[in-house]
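To start, the structure under review is shown below, and the notes come after it.
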Amino acid sequence: LIQRRKNNGMKRYSPLTDDQIRLLDEIDFPWVVDPYEARWDAKYQELVDFYNKNGHLWVERPSALYSWIITQRRKRRGK
């Protein structure tokens, strides 16, 4: 049950208890608010899964994962 209270006409949520935070942490609740970071983490996990399945990182193109890899390489080079 989410408890809400009014504050200056805006809805605000009551803070989580330490137990609630612990329970969410136990199931690896994603605390990330930044959607870019969440997308990056998801692509990274996809790459890890690909590597674990195939034993290499030679992703075929065209694919979203291939494009992500190319983008990471460009960012590393500062381009």
So how much accessible area does Val59 have, in Å² to the nearest 10, using a 1.4 Å probe?
20 Å²
Rounded to the nearest 10 Å², what accessible area does Leu47 show when all protein chains are kept and the probe is 1.4 Å?
30 Å²
How many nm separate the modelled label positions at His56 and Asp28, each set 7 Å beyond the Cα in the direction of the Cβ?
2.7 nm
Taking 0.36 nm per intervening residue step and subtracting the Cα-Cα distance, what contour gain separates Gln20 from Tyr66 on full extension?
12.7 nm
Compute the longest continuous run of the chain that contains no exposed chymotrypsin sites (Phe, Trp or Tyr not before Pro); treat a site as exposed when its DSSP state is not H, G, I, E or B and it has at most 13 other Cβ atoms within 10 Å.
1-30
At a 1.4 Å probe, what is the % contribution of carbon and sulfur to the accessible area of the chain?
55 percent
Within region 33-56, which residues have the backbone N less than 20 Å from the label spot 7 Å out from Tyr13 along Cα→beta-carbon, could you tell me?
33-39
Scattering curve values for the chain, log₁₀ I(q)/I(0), Debye with Cα scatterers, q = 0.19, 0.24 Å⁻¹:
-0.92, -1.21
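The values are calculated or read from the model by the stated rules, or taken from the named source; none is laboratory data. These numbers were taken from a predicted model, which means no experiment stands behind them. All Cβ positions, even for glycine, are placed from backbone atoms using ideal geometry, and neighbour counts span all protein chains on display. Ligands, DNA and RNA are excluded from the accessible area calculation, which covers all protein heavy atoms including side chains. Shrake-Rupley method; radii C 1.70, N 1.55, O 1.52, S 1.80 Å.
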